[in-house]
Every structure is written in C-alpha cells, then in structure tokens.
Amino acid sequence: MYAAVLGIDDSKIFPGGNQYDRFSKILKRVMQEDEMKVLLENEGLVPSDIGTHSARKRSATFVSSCSNGGPSAAAICIRAGWKLPGVQDTYIRCDRIVGRYVTGLPLDDTGFAILPPFF
C-alpha cells in the first residue's frame with residue numbers, strides 16, 4: 001500500500017537515514033493526540049509511559065508466554081536486537097520462529113511455516 005501510494009524511488013522502503021529517529025518522532029506525535037491520551041488514561045498511563053522500546057518489550061513478553069514449547073530465550077533476544085554477551089553473540093545468531101509468533105500466526109496451522117517477506 002505504501003509503495004502504491006508514494007512510489008519507491010530508491011532501494012529503501014521507508015524514507016530517511018535514521019529509522020529509529022523517524023519512528024520515535026511519529027510515536028511521540030501519535031501519543032500527544034487527544035484520542036490517544038484518553039485511551040492511555042483509561043489504562044492508567046500517560047504518553048511518556050510509551051516509548052520506542054515498548055513494542056519490542058511487549059512482543060518479547062507475548063512470545064515468551066505463547067506456549068511452554070515456544071522459542072528459546074536466545075531466539076527472542078536475537079529478534080529483539082538485544083545483545084547476548086560472550087559466546088552467545090558469536091554462536092547464536094539466527095531466528096526463524098519469533099517473528100511468526102509475534103504476528104500471531106496459528107501455531108497448529110500450515111500457514112505458520114510460510115516464508116516472511118524479503119526486502
């Protein structure tokens with residue numbers, strides 16, 4: 001949808017050189033909207049309670065509690081972009097399951113094994 005509306009003039013899907021900064025600015029702007037403030041207040045929160053790391057932390061919490069046979073803690077940390085000190089940073093690198101859990105794909109369905117989009 002994004003590409004259909006705005007087009008893609010180079011190899012990057014999203015504009016800008018600093019995606020963290022871009023996301024942070026958008027998130028702050030959304031958190032200051034009146035409707036969002038009401039939603040947050042209903043949950044006992046204020047806009048400053050929600051940051052760029054909130055989605056990552058919530059996704060990790062969701063995935064680690066999906067089932068007793070879910071992905072390993074190392075796979076979750078890798079997908080979240082968190083460092084695994086020592087040997088783990090050297091030898092434990094790939095994750096192929098956490099993203100599927102985060103999207104909510106049904107674990108007992110063949111769709112769980114579909115390939116992710118490649119960019």
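For the residues S54, S67, the requirement of being surrounded by fewer than 14 Cβ atoms within 10 Å (Cβ to Cβ), at pLDDT below 85 and more than 30 Å from R29 (Cβ to Cβ) singles out S67.
Based on this model, can you work out whether F118 counts as among the aromatic types (F, W, Y), at pLDDT 80 or above and either under 28 Å from I26 (Cα atoms) or in the same structural domain as Q32 (by TED's automatic domain parsing) (or both)? It is false that F118 is among the aromatic types (F, W, Y), at pLDDT 80 or above and either under 28 Å from I26 (Cα atoms) or in the same structural domain as Q32 (by TED's automatic domain parsing) (or both). The numbered conditions (1) at pLDDT 75 or above; (2) farther than 27 Å from G16 by Cα; (3) outside the structural domain of G16 (by TED's automatic domain parsing); (4) not in a loop (DSSP other than H, G, I, E, B) are all true for G99 except (2).
Which one is farthest from A55 (Cα to Cα), of the residues in region 18-39 that are of a type in the set (A, V, I, L, M) and in contact (Cβ under 8 Å) with a residue 12 or more places away in the chain? Please lay out each step first, then the result.
So in region 18-39, the residues of a type in the set (A, V, I, L, M) come out as 26-27, 30-31, 36, 38-39.
Add one more test, that the residue is in contact (Cβ under 8 Å) with a residue 12 or more places away in the chain, and what stays is 27, 31.
On the way: L27: 11, M31: 14 Å.
Looking at the filtered set, the residue picked out is M31.
The values are calculated or read from the model by the stated rules, or taken from the named source; none is laboratory data. Please read all numbers here as calculations on a predicted model, not as lab measurements. Positions of Cβ are backbone-derived with ideal geometry, glycine not excepted, and every protein chain shown enters the neighbour counts.
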